[in-house]
Structure formats: structure tokens, C-alpha cells
1. Quote to one decimal, in nm, the extra length available between residue 109 and residue 262 on full extension: 0.36 nm per residue of separation minus the C-alpha distance between them.
2. With θ set to phi - 60° and the Karplus curve 6.51 cos²θ - 1.76 cosθ + 1.60, what are the ³J(HN,Hα) couplings of the stretch 113-126 in order, to the nearest whole Hz, using x for Gly and Pro?
3. Report the charge-dipole magnitude of the stretch 1-129 in Debye, nearest 20, computed about the Cα centre from +1 at each Lys and Arg Cβ and -1 at each Asp and Glu Cβ.
4. Which whole-angstrom value gives the distance between the alpha carbon centres of the stretch 396-410 and the stretch 473-488?
5. Does a label point 7 Å from the Cα of residue 224, set along Cα-to-beta-carbon, have any residues of the stretch 138-163 with amide nitrogen under 13 Å, and which are they?
6. Quickly estimate the mean residue ellipticity at 222 nm for the chain, helices only: each DSSP H run with n ≥ 4 gives -39500 (n - 2.57), and the total goes over all residues, rounded to 500.
7. Taking a label point 7 Å from the Cα of residue 356 along the Cα→Cβ vector, which residues of the stretch 455-480 have an amide N closer than 19 Å to it?
8. Taking the alpha-carbon distance from residue 426 and a cut-off under 18 Å, which lysines remain once sequence neighbours fewer than 8 residues away in the same chain are dropped?
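Bear in mind that the values in this text are calculations on the coordinates, not laboratory data. Predicted, not measured: the structure shown is a model, and the values here were computed from it. Quick reminder, even Gly has a Cβ in these numbers, built from the backbone with ideal geometry, and neighbours come from all protein chains shown.
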Amino acid sequence: MKSYVIGLDYGSDSVRAVLIDTQNGAELASSVHNYRRWQSQMYCDASKNQFRQHPLDHIEGLQNTVTAVLQTSGVDPKSVKGICIDTTGSSPMPVTEDGTALVFVEGFEENPNAMMVLWKDHTAIKEANEINELARSWGGEDFTKYEGGIYSSEWFWAKILHVIREDEEVKKGSYSWMEHCDYLTWILCDETSLDAFKRSRCAAGHKAMWHESWGGLPAKEFLNQLNPYLAELRDNLYETTFTSEEIAGKLNSEWADKLGLTTDTVIAVGTFDAHAGAVGAKIDEETLVRVMGTSTCDIMVSSKNNLGETTVKGICGQVDGSVIPNFIGLEAGQSAFGDVLAWFKNVLQWPIDNLILNSSILSDDQKEKLKAEAEQNFIRSLASQAEQIPMSEIIPIALDWVNGRRTPDANQELKSAISGISLGTKAPHLFKALVNSICFGSKMIVERFQEEGVKISSVIGIGGVARKSPFIMQTLANVLNMPIKVAESDQAPALGAAIYAAVAAGIHPNVIEASKIMGSDFEAEYFPQKDQVKVYEQFLEEYKRLGNFVESTTKG
């Protein structure tokens, strides 16, 4: 009998499931589920950077996508040997002592603070600043040193500290907190003890300051100075963490019935989407894998011998085994990538939404068709015209910090800016400036790795932007002055999760061998255009000058 595995990839807007043949990595079926509540932006307030998600969106997506791929493929449920889940992160949520999400407890049903705090939620800037200040001043271990030396408001402890200060009832009602990838893995597993449940090494190391050298999570003495609740919480979290080729448990009977699978199906330890995506794209040493969506995560791996005692400054962590066991996983990223262009689209679309679609001249049917046509052609038309603007023409300079800066040197207080606008500046010019900005932000990440002695020989792009926008990818190749391969798979993170599941189920001996057999091929490669490279080098210097000015003004 053939053997198959399922990879589940939870993004910001939707979850994707893939059913994969473990012999060759072929995708037999895939399914996508958009989060219903999230689409209406329930429990969110963009004006104060609050982005929360209800776990029902994720649970409904889990059942709908898995049952869909099984039905579409028609495979024997007994042949599905493993499941692995990757998610966004850091996206923690409070749970009770038996592992129930707090939002499912009476009295908390509509409370955003009892829900998952999405990675892009930046309500905890003040708390992150406190963590950084204490880490440098308290006289003990600097628990941020393997997190790039700067703790971010996007991460575990800062978010929890913010929520429990804001909401006494959530503070009292929560026994523990779980990362998104851990919670969804937990509800599938036959493990019944929350204290014994295997938590993700990837999540803990990159976002919760977990490190073996100091015995796991930060010391209670340190956490107590932030808030006594955090010191108490540490006892209800974990000491040991696990990599994602390990078994978290077997599928419990409740979910076996819901999904139409058997209780012999192995559930692998959860992980983060970008790290799984790197595995799906066959990551190797000296390769930078860019997961390009609403934001980016930039992933590398290094042998312990090559990295030595170096702690890379200003990135999002270096963690043993977070990508490939026995290799150090390095993470960086941009807080907004596709989101920069989505913001611009929303600005330009205001007249359509508020004037044209409210017009009494058009019928409802015409309005719907017009809206659909605009949605389909908006970015494509802008990109087409922006691409035709000659490099000799004056292009504004923009910063990509519309959601703060993740790397290098996390600072979520920073805001975007645009300079060089004139009466001749039109929408395509601004669009090109924004595309340049996200590519310049990418270059800053590459430069930081290189400055810290981490060699980059090749770049791989995965995700919707990489596959759908030749204009952005060619610009990126010119700015980085490096060739960029694009992974063929539409679902590289889900494929990477499936690879972990195949190793956990004992089908392949290790992640490296499984990735070679099951990982994605490449569908395109972009090469730097020499005449463009020199021009972009000049633009990059202007980007840096604008960035220095805005950052110094922010600090002032």
C-alpha cells in the first residue's frame, strides 16, 4: 500500500491542506479555507494595531480542508500515515488547565483578549521595550541574545504581558498559553496531559527566549521583575522542546471520526510556516529562503561548526533544530511585504468603494462586476505601467515600514515615509517606489547576514508574490544582485509540513533525505540585469538616508 501524509499551513488569511505522496512528493489534492470571522475583521482594530483571531476559524478550516483532500483524492484513510501543522507566529493564545482555549469558556466568548494574538498584532510595543531594557540592566543573563539581541512586540512574552495588564479576567482565567502551532497540534493528539504535551522547538526558541544553555525559558527571577504572573506562568509552560520530525502523539478518536482517518495516524510536533516552507523548498547551507506573502520570513540554516559562537545581531533568532535537526535555524524578515502593496491598493480603491459602488446610476449587478474586475486587474495594471517607467525618470523613495520593522533590529514603532513626490508623480510611480522599498528592505536583511559572517550563495523565493509577480522578482534580483530561484509548489510551507510528517511517521530516515525526495522543484529563475544593478545601488543609498532620518525623528 502506498503511504501519504497531510501538511496543514495556517497563514494570516486562510489555511491550506495538501495530501502528499511520500514516494515522490506529488500533490494528490489540496484545499483552501478562508477564515470567515477574520474576513470581516472581527475582533480587530487596525487603528491601534490590534489583530486577533478566533480559534473557531482555525478549527473549522482544519476539518473542512482535511476532509476535502481525502474526498478529492479518494485514498484509503489507513494509508494516511502522518499529519503536521505549521502556523504563523508568534501567535499565542490563553488556555485553561485542560488545554481548552479560554475563548470557549463561558464569559469569554467574544473577548478579543481571550483569542489568538496574531503575529502582526503590535499592541505590545511598550512591553517589548520593557523586556529589552530589563534584559540589558538586570545583571543576569541577556535572554535576548539568541533572538538577535532585540525582543519584538510581535513575540510571545510581550503579547502575554500586554494582555494580562489590560484584562484582569483573562489573567485569572488562563492557566497556560500556547502558540498557534502547538494548540492545533494539541487538539488533534491523543495526549491528555497539557504538562506532558510536546511543545515546538521552533516557536519556543525564536519567540519565547527558550535556549538549552540557560535551562529552557528565561529565569523566574527575570520574569518576576516584569510581572509576577509571568514567573508563575513559567511553571505551567514547558522545560523541554521538540523538533518537528518528532511524534507529538497519535490522532485522537474524536478527530479521527471528524476527519475520516484512523487513530494510527501520527501527529508531528508543530512548527512555523516559514521554517516549514524552507524545508519544502529544499533549503541547504548558504541558501536564503524568502517566504514572501503579506510579510516575509527569511530563513537560513548553518552547521554548528560554521556558525560557532556567533550570535547574529538584529535578526529573529537562531535556534538549534528549528528548520533541520542538528542545524542552527536563522530567521529574519519584513513586517510588511505584500501588505505594503495591499495598503496602497486600499488607498487607491477608496473612490471605487465609496463613490462608484454607492452610485445610483449603476445596477447592483454592474457594481459587483465592476468590483470584481477592479480586484482582478488592480495590481496587475499598476505593475505593468510601473515596469515601463524608465530608470532615468524620477522615482520617489519609500520606506517599507508600514507595519514597523522586523529585521534588521526590530522596531515596531517605526512608520513608513515617502520622499521625492512632485506634480509629475502618478500612481505607477508610487507603486514602483513601494516595490523598490520592499526590495530595499530585503537587501538590508542580506547585508546584515553578510556583515555578521553568514555567507549567502543563493536565494530561493516561495509564496504567492514569488510565483505571481515577475516584476517584483526581477526588481528583487537587481537589488540583491543575486539570481533568485522560484519554487514550483504553490504550497511550499504545507509541503514542508508534510515532509516533517513523513519523517515522524518513519517513512523517511531524516528531514534532509525526505526533502530531497519530496521537496519542490523550481519553475523560474531571475538574474540581475547589470545596467539596472548600478542604478538600484544609488536608490538604495537614498533609501538608507531616508530611513536614518525617519528613525532618528522617531527616537527624538
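1. Numbers: separation 153, 0.36 × 153 = 55.08 nm, distance 3.16 nm.
Additional length available on full extension: 51.9 nm.
2. In residue order, the calculated couplings are 6, 8, 9, 6, 8, 5, 3, 7, 6, 10, 6, 9, 4, 4 Hz.
3. Dipole size: approximately 320 debye.
4. Measuring centre to centre over Cα atoms gives 20 Å.
5. none
6. Taking each H run of at least 4 residues, the total per residue is -12500 deg cm²/dmol.
7. Under 19 Å, as judged by backbone N against the label point of residue 356, lies no residue of the stretch 455-480.
8. Those lysines meeting the cut-off are 345.
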